[in-house]
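Written out below as structure tokens is the structure these notes cover.
The values are calculated or read from the model by the stated rules, or taken from the named source; none is laboratory data. Treat the numbers as computed from the prediction; the structure is a model and nothing was measured. For neighbour counting, all protein chains shown are included, and Cβ atoms are generated from backbone atoms with ideal geometry for every residue, glycine included.
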Amino acid sequence: MTAAASARQILTRLHEVMASRLHAQAKLDQVVEIVGESLTSEVCSIYLLREGMLELYATRGLNKSAVHVTRMAIGEGLTGTIADNVATLNLAEAKAHPDFQYRPETGEDKFHSFAGVPIVYRERAVGVLCVQHVDPRRYEEVEIEALQTTAMVLSELITNAELVDEEEALGLASAQSGPQTLSGLTLVKGLGVGIAAYHQPRVQITQVVADDIEAERQRVYRAFDKMREQIDGLTNQAEFGAGGEHEEVLETYKMFAYDEGWSRRINEAIDSGLTAEAAIERVQQHTRMRMREIDDPLLADRMHDLEDLANRLVRIVSGQLGTAAQQGLRQDTILIARNLGPAELLEYDRRRLKGVILEEGSLTAHVVIVARAMGVPVLGRANHGKGGLRPVIREGDEILLDAGAASATVRPSPQMADAFAQRFAKSREKRAAYAELRDVEPFTRCGTRIQVMMNAGLRDDVSMLAMTGADGIGLFRTEFQFLVSATLPQRERQLRLYRDVLDAAGDKPVIFRTVDIGGDKSVPYLASGIAEHDENPAMGWRALRLALTREGLMKAQARALLEAAAGRALYVMFPMVSEVWEFDEAKAVFEEQHAYLRSKKKMVPEHIRYGAMLEVPALAEMLDLLIPRLSFLSVGTNDLTQFLYAADRGNPALAERYDWLSSPILRFLRRVVQSTIGSNIDLAVCGEMGGRRLEALALLGIGFRRLSITPAAVGPIKELVRKVDLAELSAAMNTWLAEPQVDLRKEITQWAAERDIEAD
């Protein structure tokens, strides 16, 4: 029997039970009999959440005396594990599972096999439906799907019969009343103040069993047509003006909207007897369970895009306007969501949307790219335990969001609100003062011109050149285009991006770093071979190492850059160079493509300048051989620091342990500076270190004269440069670095304070 036929057989009988005049307990008693018979399983049991415990409400096959007696905590035993993880279990031998707990009052000792599914209400488990069998065997996929479909019907039954307290089900019983501070992960920096509003992307499904399968199918077809029309509209609207990486994000999003496999699975669920809304939800429950098994963050982000589309589809098919965006934001708002799709974010009024807090979210998520373009601060990974954020944040609560500090304060006291308002005002004043330095060249007090450049990775970032007055783009990360694409970007797409960036930059230089993917920046379409098994991905098969083994990848990017820079200067920088021969091979690829274009009478750059990133400490030992080959050298302080200290910068236990203002790092960097004395190369620091005021002081003090930093840091660093006397600063740095036990951060902070230089 097919999954649809099996589920339909059960649903037909359940529909009769649901329509009967029996009281709720009698209906549950009949449900376990129907499911047990249909799956030829000796045991079928239903556990429901009550007073924080999972209580046995109905059973076929276990001792009837255990009903309303056997109770398990969330996370306790197999039943509690299913509810805790909101995930299915399918075991041939239940006793072999580490979470198995025997309850003698149930009389279940003779049963071996076990399968259970969560009964879900608004994404939270409010109960468990499970079956058991005497013989050891895993249940077939068709049986598991039948159980999952039955669980959806039970969700409707127990909710309508008020067998489960709704506030308890949603985790609201322990809601806080006083101030509470949440921590998370900075996704997009910024400050925001507003009233909490839940995105509420899901509508409540009131009918699960279909009366007319063909009518439900037509409803889904019409909803798909309307959803695709909406997505096409989003991809065509000029939300940020022409161009932008967000367009590529939406193109990937559009690809999911037209995915035939997804619509086919929904149709199969309708065949089983579900309404259109329930069928969409049934497929998404399966998707969510798969998401929990996905380790690859990029693939997980793609699954979140699909979740976004499913939420949109079920709203269309039901006619319910269930999101805060559709209801309209009436005041300054901090949006709360488990996760958010890029298209859903675009629906919100940017005048009212002051920030976003996500229970999940990652730095590579599509919504983060769009939020950055919108200028909306985002805090991610703010999940407050199994219950999510609802037990902590209520609709209408005031929230102070400091995404840069990775924190948010809910229901602040008047004193907290006043202090935050002062910070906010001071931040605005500082930004205004820095903006006035846009056209001011950053000379030190002693008359030395410091080059302050900016980092970029998106087409829209280039507009910040004019807004900040940066000297150019010292690092354009070309891999962003690869990370947001579902397939390898073709040469023509790369060419358009690079040409647009150069056009927007005008006469200011743009240094393109060749693609740095692989390792900790994995993309599904290049996942193969040794890269799949990197135990230390940041130090693995990535960047130039990968590009030199992917001849087509490197050649396509070289050709795109050369053609984009036709008639002007091209600056190319190779990442993750460890040895001189790697630089030589990478340069040879470009020279070969350059010669090819000339042979075809194509326009080529007026001149090409080649550079390297110093991120691998080994390269410092080869600088005497490498420098004569270079036009410029950029130190990537983010990777270099973790390699020098053998400390993963992504590990929270190590994140604050190794300070950039420490003798080993600064002495190493000073040695790099000294290696370039007498050469004609330009030496720069690219990375967060150069954008922090105290760290920038240290870098200037050991001899760096070019910094490439985030656009937001350009103004503050310009202001800093104008207060510095380099001779005085260099003398102080030499003294401190001669005494390794000195607390450099303390010394530099004090030195800056004495000269009226703010530390941050």
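Worth pointing out:
- Of all the listed residues (Pro412, Pro391), the sole one being closer than 23 Å to Arg352 by Cβ and assigned to a loop (DSSP other than H, G, I, E, B) is Pro412.
- Listed by position, the strands (runs of 3 or more DSSP E) contained in segment 1-92 that have at least 2 residues being touching a strand residue (DSSP E or B) at 6+ places or on another chain (Cβ under 8 Å) and in contact (Cβ under 8 Å) with a residue 24 or more places away in the chain are 43-50, 53-60, 89-91.
- Test: residue in segment 724-733 that is surrounded by fewer than 17 Cβ atoms within 10 Å (Cβ to Cβ) and over 27 Å from Arg755 (Cβ atoms): no
- Residue ID - farthest from Ala161 (Cα to Cα), chosen from residues in segment 36-53 that are among the hydrophobic types (A, V, I, L, M, F, W, C) and in contact with a Leu (Cβ under 7 Å, 6 or more places away or on another chain): Val43
- Qualifying positions in segment 602-652 - in contact with a Phe, Trp or Tyr (Cβ under 6 Å, 6 or more places away or on another chain), among the hydrophobic types (A, V, I, L, M, F, W, C) and within 18 Å of Ile681 (Cβ to Cβ): Ala612
- Note on segment 682-760: enclosed helices (runs of 4 or more DSSP H) holding 3 or more residues that are under 30 Å from Arg423 (Cα atoms) are 688-691, 693-701, 711-721, 744-754.
- The strands (runs of 3 or more DSSP E) found entirely in segment 423-531 that carry 1 or more residues being among the small types (Gly, Ala, Ser) and either at pLDDT below 80 or touching a strand residue (DSSP E or B) at 6+ places or on another chain (Cβ under 8 Å) (or both) are 451-456, 473-477.
- Taking each residue of segment 274-285 that is in the same structural domain as Ile213 (by TED's automatic domain parsing) and looking for partners that are among the acidic types (Asp, Glu) and modelled with pLDDT of 85 or more with beta-carbon atoms closer than 6 Å, six or more apart or interchain, yields Thr275/Glu216; Ala276/Glu216.
- Filter pass, Ala215 being surrounded by fewer than 16 Cβ atoms within 10 Å (Cβ to Cβ), modelled with pLDDT of 90 or more and among the hydrophobic types (A, V, I, L, M, F, W, C): yes
- Against the numbered list (1) in contact (Cβ under 8 Å) with a residue 12 or more places away in the chain; (2) over 21 Å from Glu492 (Cα atoms), Met603 comes up short only at (2).
- Residue in segment 320-335 that is buried (at least 24 other Cβ atoms within 10 Å of the Cβ) and modelled with pLDDT of 75 or more present: yes
- Leading residue by the ranking (modelled with the lowest pLDDT) among those in segment 155-198 that are touching an Asp or Glu at 6+ places or on another chain (Cβ under 7 Å) and surrounded by 15 or more Cβ atoms within 10 Å (Cβ to Cβ): Tyr198
- Any hit, segment 43-53, residues being crowded, with 21+ Cβ neighbours inside 10 Å, modelled with pLDDT of 90 or more, over 22 Å from Ala278 (Cβ atoms) and touching a His at 6+ places or on another chain (Cβ under 8 Å): yes
- Screening Arg202 with (1) assigned to a helix (DSSP H, G or I); (2) modelled with pLDDT under 70; (3) of a type in the set (Lys, Arg) gives one miss only, at (1).
- Entry remark, segment 566-614: residues being in contact with a helix residue (DSSP H, G or I) (Cβ under 8 Å, 6 or more places away or on another chain), farther than 25 Å from Arg545 by Cβ and either of a type in the set (Val, Ile, Thr) or outside any loop (DSSP other than H, G, I, E, B) (or both) number 2 in total.
- Any hit, segment 634-645, residues being of a type in the set (Phe, Trp, Tyr) and surrounded by 18 or more Cβ atoms within 10 Å (Cβ to Cβ): no
- Residues in segment 1-39 that are surrounded by 13 or more Cβ atoms within 10 Å (Cβ to Cβ), at pLDDT below 85 and among the small types (Gly, Ala, Ser): Ala3, Ala4, Ala5, Ser6, Ala7.
- Residues of segment 435-451 satisfying the condition of being closer than 15 Å to Pro716 by Cβ and in contact (Cβ under 8 Å) with a residue 40 or more places away in the chain: Ala435, Leu437, Arg438, Val440, Pro442, Ile450
- Here Arg265 passes the criteria (1) within 24 Å of the chain's Cα centre (by Cα); (2) among the basic types (Lys, Arg); (3) at pLDDT 85 or above except the one numbered (1).
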